[in-house]
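First comes the structure, then the notes that go with it.
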Amino acid sequence: MKAIRVRAFGPPEVMLLEEVPDPVPGPGQVLVRIRAAGVNPVETYIRAGAYARRPALPYTPGNDAAGIVEGAGDGVRGVAAGDRVYTSETLTGAYAELALCDAARVHPLPGNVSYAQGAAVGVPCATAWRALFQRARAVPGETVLVHGASGGVGIAAVQIARAAGLRVFGTAGTAEGVALVLREGAHAVFDHRSAGYMEEAVAATGGRGFDVLLEMLANVNLGRDLKILAMGGRVVVIGSRGTVEIDPRDTMGRDASIVGMSLFNTPAADMTAIHAALGAGLENGTLRPVIGREFPLSAAPESHGAVMSPGARGKIVLLP
């Protein structure tokens, strides 16, 4: 099979398309023929050697994919050759024509969902669901602000929060991004390039502020985020690219919380619950992954440049 291989940590160009032996499923494992693989920012940090967890070299990047079950090892139940599935983790890497997965990380892909959309579920949608409900403990009727709402995680958060009965606001950096987030269910969206956009967002809540704020770029926004929370508000830090200075008194006056999260820390039972919820959302259409750009597998280096560029409008996927 063809697969992207990384033999040294470094810039996107270290990812090379090579031919490698087809993986063979062992006990409890499923072999998936990949039709689309999702590209996530975390994969750029891992490739660069800048992430806390470093895979052994050489390796194939990626965990999010969708495709068709090619075969399964001993002890696998409920999955058969020919099934449409999406993956939430792989053992051999998703940037490839075939990927080996633990059976617990292979999930049914409803017929109304494309393979590209299926490849957009694993990290973005699970991150959004965990941030909203397992970390922020959001409940229907609360008000949430999603920073960077036009990206993969942001769009998922908007759709999931709206379906759960929250009042949803978002930010985006382009007119196209603003229109997309409104189309996907936000009650209001603000251009984060405009001076005073946070004040406009607070005014839209009647001056009360936000119960939950999902933060994709904490090093830029966290200090200001704390000033626009409602009493008891929670900021969930999903992404950051550096350090930031805050005033702790902004948390004290509001009984506010700053909550960090990494999807890699999710306990197995919580991950099972997440994908049960995501599967239901895919089936009933309340969860509708949006695809921004598609690249051939050979263009993996270009996809890593695109996923880190501003102005995201949906998920970036690779097509073997």
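The values are calculated or read from the model by the stated rules, or taken from the named source; none is laboratory data. The model shown is predicted, which means the values in this text are computed figures rather than measured ones. Positions of Cβ are backbone-derived with ideal geometry, glycine not excepted, and every protein chain shown enters the neighbour counts. The accessibility values were calculated without ligands, DNA or RNA, using every heavy atom of the protein model including side chains. Shrake-Rupley method; radii C 1.70, N 1.55, O 1.52, S 1.80 Å.
What order, most packed first, do the peptides 9-16, 38-45, 179-186 have when packing is the mean number of other Cβ atoms within 10 Å of each residue?
Numbers: 9-16: 15.0, 38-45: 22.9, 179-186: 20.2.
Per-residue Cβ counts within 10 Å, averaged per peptide and sorted highest first, yield 38-45, 179-186, 9-16.
Expressed as an acute angle from 0 to 90° and rounded to the nearest 10, what is the orientation of the C-alpha long axis of helix 152-163 relative to the principal long axis of the chain?
Between helix and principal axis, roughly 60 degrees.
If each Cα of the range 1-158 is one equal point scatterer, what is log10 of I(q)/I(0) from the Debye formula at q = 0.10, 0.11, 0.19 Å⁻¹?
-0.40, -0.48, -1.18
Using a simple spin-label model with points 7 Å from Cα along the Cα→Cβ vector, what separation in nm is obtained for Glu176 and Ala56?
Going from the Glu176 label point to the Ala56 one covers 4.3 nm.
Please check: in the Gaussian network model of the chain (C-alpha springs, under 10 Å), which one of Arg84, Arg249, Arg162 has the largest mean-square fluctuation.
Arg249
Given Cβ point charges of +1 (Lys, Arg) and -1 (Asp, Glu) and nothing else, what value in debye, to the nearest 20, does the dipole of the range 1-151 about its Cα centre take?
Working: 14 positive and 13 negative charges, 79 e Å.
Magnitude of the dipole: close to 380 debye.
What number comes out for the charge environment of Ile291, summing +1 per Lys or Arg and -1 per Asp or Glu over other residues with Cβ under 12 Å away? Show your work: numbers first, answer last.
Details: positive: Arg288, Arg293, Arg313, Lys315; negative: Glu294.
Net charge around Ile291: +3.
Restricted to Cα positions, what overall size does the range 128-180 have along the principal axes? Three whole-Å values, descending.
Here the spans come out as 30, 18, 14 Å, largest first.
Heavy atoms only, probe 1.4 Å: what % of the accessible area of the range 115-256 goes to carbon and sulfur, would you let me know? Provide the component values of the computation, followed by the final result.
On the way: 2850 of 5480 Å².
The computed percentage sits at 52.
What's the local net charge at His187, with K and R +1, D and E -1, over the other residues with C-beta under 12 Å away? Don't skip to the end; give the middle numbers.
Numbers: positive: Arg162, Arg167; negative: Glu184.
Taking every Cβ under 12 Å from that of His187, the sum is +1.
Given a 1.4 Å probe, how much area per residue of the range 184-277 is accessible, in Å²?
Numbers: 4550 Å² over 94 residues.
Here the per-residue accessible area is 48 Å².
Farthest toward the dipole's positive end in the chain, which of Gly206, Ile258, Trp129, given Cβ charges of +1 (Lys, Arg) and -1 (Asp, Glu) about the Cα centre?
Gly206
State the extension gain, in nm to one decimal, for the chain segment bounded by Asp247 and Tyr45, taking 0.36 nm per residue of separation less the distance between their alpha-carbons. If you can, show how the numbers build up before the last one.
Working: separation 202, 0.36 × 202 = 72.72 nm, distance 2.88 nm.
Taking Asp247 through Tyr45 to full extension adds about 69.8 nm, to one decimal.
About the Cα centre of the range 6-65, what is the dipole size in debye to 20, counting +1 per Lys and Arg Cβ and -1 per Asp and Glu Cβ, all else neutral? Don't skip to the answer; put the middle values down first.
Working: 6 positive and 6 negative charges, 38 e Å.
Using Cβ point charges on Lys, Arg, Asp and Glu, the range 6-65 gives about 180 debye.
How far apart, in nanometres, would the label points at Glu302 and Asp102 be if each is projected 7 angstrom from Cα along the Cα-to-Cβ direction?
For the pair Glu302/Asp102, the computed spacing is 3.6 nm.
Express in % the proportion of alpha carbon pairs of the range 197-255 at distances exceeding 14 Å.
Values: 901 of 1711 pairs.
The answer is 53 percent, as a whole percent.
How large is the Kirkwood hydrodynamic radius of the range 113-218, counting all unique pairs of alpha carbons, in Å? Could the numbers behind the result be given before it?
Working: mean 1/r = 0.0732 Å⁻¹.
This gives a value of 13.7 Å.
Let a ≥ b ≥ c be the square roots of the eigenvalues of the Cα gyration tensor of the range 249-320; is it rounded (a/c under 1.5), or, if not, prolate (a/b larger than b/c) or oblate?
Working: a/c = 2.17, a/b = 1.42, b/c = 1.53.
Taking the square roots of the gyration eigenvalues as a ≥ b ≥ c, the range 249-320 is oblate.
If a/c stays under 1.5 just call it rounded; otherwise compare a/b with b/c (prolate if a/b is bigger, oblate if not). Do that for the range 50-140, with a ≥ b ≥ c from the square roots of the Cα gyration tensor eigenvalues. Walk me through the numbers on the way to the answer.
On the way: a/c = 1.85, a/b = 1.19, b/c = 1.56.
Because a/c hits 1.5 or more and a/b fails to exceed b/c, the range 50-140 counts as oblate.
Whose amide H sits under 5 Å from the amide H of Asn63, counting only residues 5 or more places off or on another chain, with H placed in the peptide plane?
Result for Asn63 returns Ala94.
Rg over Rh of the chain, using C-alpha atoms and the Kirkwood radius, what does it come to? Walk me through the intermediate numbers first.
Values: Rg = 19.6 Å, Rh = 20.0 Å.
A ratio of 0.98.
Using only helices, what value at 222 nm comes out for the chain when you add -39,500 (n - 2.57) per DSSP H run of length 4 or more and divide by the total residues, to the nearest 500 deg cm²/dmol? Display every interim value, and only then the final one.
Details: 10 runs with 86 residues, N = 320.
After summing the helix terms and dividing by the residues of the chain, the value is -7500 deg cm²/dmol.
According to a simple spin-label model (label point 7 Å from Cα along Cα-to-Cβ), what is the distance in nm between Glu294 and Asn112?
2.1
Can you work out ³J(HN,Hα) from phi for every residue in the range 90-107, in order, using Karplus 6.51 cos²θ - 1.76 cosθ + 1.60 and θ = phi - 60°, giving whole Hz and x for Gly and Pro?
10, 8, 10, x, 8, 7, 6, 7, 9, 9, 9, 9, 5, 4, 6, 10, 10, 10
Taking the chain as a Gaussian network, where each spring joins two C-alpha atoms under 10 Å apart, which residue of Ala172, Ala36, Ala81 fluctuates the most?
Of Ala172, Ala36, Ala81, the Gaussian network model singles out Ala81 as fluctuating most.
Scan around Gly151 for amide H atoms under 5 Å from its own, H built in the peptide plane at 1.01 Å from N, and keep only partners 5 or more places away or cross-chain.
The answer is Gly314.
In the chain, with Lys and Arg counted as +1 and Asp and Glu as -1 at Cβ, which of these residues, Gly148, Ala230, Val244, has the Cα nearest the positive end of the dipole, that is, farthest along it?
Comparing the listed Cα positions along the dipole, Ala230 ranks first.
Specify, per residue and in Å³, the volume enclosed by the convex hull of the alpha carbon atoms belonging to the range 178-320. Please report the intermediate quantities before stating the final value.
Numbers: hull volume 23.2 nm³, N = 143.
Spelled out: Cα convex hull of the range 178-320, divided by residues, is 162 Å³.
What length, rounded to one decimal in nm, is gained on full extension from Lys227 through to Ser194, with 0.36 nm per residue of separation minus their alpha-carbon distance?
Details: separation 33, 0.36 × 33 = 11.88 nm, distance 1.78 nm.
Here the answer is 10.1 nm.
Any idea what the dipole of the chain comes to, in debye rounded to 20, about its Cα centre with Lys/Arg Cβ at +1 and Asp/Glu Cβ at -1?
Values: 29 positive and 29 negative charges, 60 e Å.
Here the chain has a charge dipole of around 280 debye.
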